Amino acid sequence: MHDALKAARYLLSETDPARLGESKAEVTFVGRSNVGKSSLLNALCGGALARVSNTPGRTRTINVFLAGSDRWLVDLPGYGFAGGDREEIAGWKSMLEGYLTGRAAMKMIFLLVDAKVGPTKLDLMMAKWLDAKRLPWRVVATKADQVKPSRGISRRREVAESLGLASEDLAWVSAKEDVGMRELRGEVSALLGLGLAA
Ligand SMILES: Nc1nc2c(ncn2[C@@H]2O[C@H](COP(=O)(O)OP(=O)(O)OP(=O)(O)O)[C@@H](O)[C@H]2O)c(=O)[nH]1
Ligand SMILES: [Mg+2]
């Protein structure tokens with residue numbers, strides 16, 4: 001079992017990525033507001049670590065959770081949330097971009113896309129940007145419980161294709177119904193190098 005993930009705990013919140021210390025290895029979760037980033041992080045770690053809400057824009061800061069002694073799971077504010085003013089949005093953008101490009105030990109940026117809604121324009125822009133920056137990234141389709149089981153396979157293919165990917169390139173999960181979580185937990189543990197230490 002992934003005991004080190006289960007024992008993950010809140011470490012710190014920061015708005016200035018330049019002020020973050022170093023980790024030994026880290027993974028992070030990006031995506032539009034309300035796509036389920038904080039919920040996924042909680043489900044991965046088996047606890048209520050990150051704050052979840054029906055109100056988009058719940059997560060406002062870079063929130064760091066610690067697994068093992070020096071491995072990080074990082075929850076980020078979502079994009080595409082219309083509640084902020086221009087200046088605030090610009091601030092969020094530079095915070096996200098500064099963080100995503102500034103981490104020496106980044107092992108994977110999980111780009112979360114709603115399984116039922118599919119990738120939005122901003123999701124496609126983010127995918128393109130991550131590619132252009134040559135950052136390690138992978139797509140996770142969230143809230144799979146909201147897709148009819150009979151549509152699951154074809155919907156997964158559609159979502160993948162709209163991102164230029166094959167079905168198997170895409171993780172297909174539900175934090176709520178515990179779909180695909182064991183596999184993702186294994187993947188995150190391996191990326192963080194927790195398998196051996198745990
Ligand atoms: N049906 C379903 N709902 C989910 C799932 N995961 C999250 N949700 C719901 O989606 C809403 C948003 O979840 P959050 O985890 O707060 O989303 P977020 O991406 O962190 O949002 P921001 O912090 O605003 O960027 C909440 O009402 C959750 O209960 C899931 O797997 N299935
Ligand atoms: Mg959140």
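Here are some notes:
- Of the listed requirements (1) of a type in the set (Asp, Glu); (2) in contact with a Gly (Cβ under 9 Å, 6 or more places away or on another chain); (3) in a loop (DSSP other than H, G, I, E, B), Glu177 misses just one: (2).
- For segment 112-146, the set of residues classified as basic (Lys, Arg) and in a strand (DSSP E or B) consists of Arg138 only.
- Matching residues in segment 67-102 - criterion: being among the β-branched types (Val, Ile, Thr) and within 13 Å of ligand 1 (Cβ to nearest atom): Val74
Per-residue answers, yes or no, for (1) at pLDDT below 95; (2) of a type in the set (Ser, Thr, Tyr); (3) more than 15 Å from the chain's Cα centre (by Cα):
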site	(1), (2), (3)
Arg9	yes, no, yes
Val35	no, no, no
Ala48	yes, no, yes
Arg60	yes, no, no
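- Here the condition is being near ligand 1 (Cβ under 8 Å from one of its atoms) and either under 19 Å from Leu192 (Cα atoms) or surrounded by fewer than 21 Cβ atoms within 10 Å (Cβ to Cβ) (or both); of Val35, Val52, Val30, Val64, it holds for Val52 alone.
- The requirement of being without any contact (Cβ under 8 Å) to a residue 24 or more places away in the chain and surrounded by 14 or more Cβ atoms within 10 Å (Cβ to Cβ) is satisfied by Val117.
- Some residue of segment 103-117 being more than 14 Å from the chain's Cα centre (by Cα) and of a type in the set (D, E, K, R): yes
- Taking strands (runs of 3 or more DSSP E) as the structural unit, those lying wholly within segment 1-97 and holding at least 1 residues that are within 15 Å of ligand 2 (Cβ to nearest atom) and within 18 Å of Leu191 (Cα to Cα) correspond to 25-31, 62-67, 71-75.
- Test: Lys37 is among the basic types (Lys, Arg) and free of Cβ contacts under 8 Å to residues at least 40 places away in the same chain: no
The values are calculated or read from the model by the stated rules, or taken from the named source; none is laboratory data. Source: prediction; values computed, not measured. Because the Cβ atoms are built from the backbone with ideal geometry, glycine has one as well, and the counts that use them run over all protein chains shown.
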